[in-house]
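What follows draws every value from the coordinates through simple rules; no lab data is involved. Treat the numbers as computed from the prediction; the structure is a model and nothing was measured. FYI the Cβ positions are ideal-geometry reconstructions off the backbone, even for glycines, and counts take in every protein chain you see.
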Amino acid sequence: MDEQMHESKDNKFIPMTSITSGTGQEVGNDVYYYTDQIVNMSFIGFPNEGDWVLVDAGLPNAAPEIRSVVVDRFGRDSKPSAIILTHGHFDHVGGVVELVEEWEVPVYAHELEFPFLTGEESYPEPDSTVEGGLLAKLSPMYPNQPINLGDAIKPLPSDNSIPGADGWKWIHTPGHSPGHVSLFRESDKTLLSGDAFITVRQDKLYNVLMQTEEVNGPPRYLTSDWDAAWESVKKLEQLQPNVVVSGHGHFMEGEKLTKGLRSLVENFDKLAIPDYGRYVDGQNYKQ
C-alpha cells in the first residue's frame with residue numbers, strides 16, 4: 001500500500017468507556033455491531049459465506065480489537081472486501097490505517113471527507129464552549145488532525161451503491177461533517193446512521209457511561225453546521241427505518257425509534273442545537 005499512509009499527528013488513547021464497551025450485538029443475520037469504548041462499528045455480511053464489509057474503525061488503537069472481533073465472527077484468515085467510513089472523525093477512523101496496512105483493502109468515503117483522510121486538512125477544533133456536559137468540556141483533548149490513507153481511499157460510487165454490500169445504499173447526511181454519510185437497506189429498512197443522529201446524549205458523561213437510550217442529534221462538540229445537520233435528520237426520518245445502529249449508543253427499533261426520530265425532527269432546535277457555542281452563536285434556526 002501507499003508508503004505515505006500515516007495516523008493523525010495527534011493520535012492518542014482516549015481514556016473513556018461505557019458499560020457496553022467490548023460487547024457486540026447482532027441486529028440481523030448479516031448485521032452486527034461492536035462497541036469500542038464509546039463508539040460503534042458495524043460488520044455487514046453473513047459470518048460463514050460471501051463478502052463482508054467493515055463500517056467505521058473505532059477509536060485510536062482499535063485495530064487489535066477489531067481483528068479479534070473479525071476472528072470470532074468471520075474466521076482467522078478473513079478480511080473485508082472493503083472498509084466504509086461514515087466520516088473521518090478520530091473516533092471512527094482510529095484503527096483504519098493499521099488495518100489497511102495489514103489487509104490491503106480499499107476504503108470508501110464521500111469525496112468531501114477526502115481532505116481529512118489524505119492528510120490535507122484538519123477538522124475544526126472540538127468546541128469546549130458549547131452547551132453540554134463534561135464530555136463537551138473535555139473535547140479539546142480529542143484528536144482533530146487528519147489521517148492519510150494515500151491511494152487506499154476511494155470515492156463512494158456515484159450510483160449510491162456500497163461496494164461489497166448488495167442492497168445497501170449510501171446517503172449524504174452532512175452537518176456533523178461535510179461528507180458524512182449514512183447507510184440504508186430498503187428491503188428491511190435497516191439504517192446505519194453514523195453520527196447524523198445517535199441514540200445517546202454523547203456530551204453527558206453519565207449518559208455515555210450508562211448508555212442511556214434516547215434519539216439525539218449529532219455530538220455537539222464536533223458538529224459545525226447545524227442547518228445541514230437538521231436537514232440530514234429530516235432526510236433519514238423520511239426513510240421510516242425499522243432499526244437503527246448509530247455511531248454511539250444502543251441499537252434502537254420499532255415504535256421507540258419512530259417516535260424518537262419524529263420528535264427529533266420536529267424539535268431539533270430544542271433537542272439538538274445547543275443554546276450557545278462556537279458554531280451556534282449568532283445564527284437563527286427555523287424549521
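Some notes on this structure:
- Three principal axis lengths of the chain [C-alpha, angstrom, descending]: 50, 41, 38
- Taken one residue at a time, the phi angles of region 223-238 give Karplus couplings (6.51, -1.76, 1.60, θ = phi - 60°) of 9, 10, 9, 6, 4, 5, 4, 5, 4, 5, 5, 4, 4, 6, 5, 5 Hz. Gly and Pro are set to x.
- Sequence-distant contacts, meaning Cα pairs under 8 Å at least 6 residues apart, place the relative contact order of region 196-253 at 42 percent.
- Candidates R185, R262, R76, ranked by Gaussian network fluctuation over the chain, Cα under 10 Å, top entry: R76
- Residue-wise HN-Hα coupling along region 169-181, computed from phi with Karplus coefficients 6.51, -1.76, 1.60 (Hz; x: Gly, Pro): 9, 9, 10, 6, 10, x, x, 5, 8, x, x, 4, 10
- For G94, residues with placed amide H under 5 Å, excluding near neighbours: A57, G58, L59
- Counted residue by residue at 0.36 nm each, then reduced by the alpha carbon distance between them, the extension gain from E186 to S122 reaches 19.6 nm.
- Considering only M5, L261, H92, the residue lying farthest towards the positive end of the dipole of the chain is L261, judged by Cα position with unit charges set on Cβ.
- Residues in region 81-92 carry Karplus couplings, in order, of 6, 6, 10, 10, 10, 5, 5, x, 4, 3, 8, 10 Hz; the curve used is 6.51 cos²θ - 1.76 cosθ + 1.60 with θ = phi - 60°, and Gly or Pro positions show x.
- DSSP beta bridges in the chain [antiparallel fraction, %, rounded to 5]: 70
- Separation in nanometres of the label points that stand 7 Å from Cα toward Cβ, at D51 and V71: 2.6
- Taking amide H as placed 1.01 Å from N in the peptide plane, the amide H of W168 sits under 5 Å from that of I162, each at least 5 places away or on another chain.
- Amide hydrogen neighbours beyond the local backbone of V27, cut-off 5 Å, H modeled: Y32, Y33
- Taken along the Cα-to-beta-carbon direction at a fixed 7 Å, the label points for R262 and D227 span 2.9 nm.
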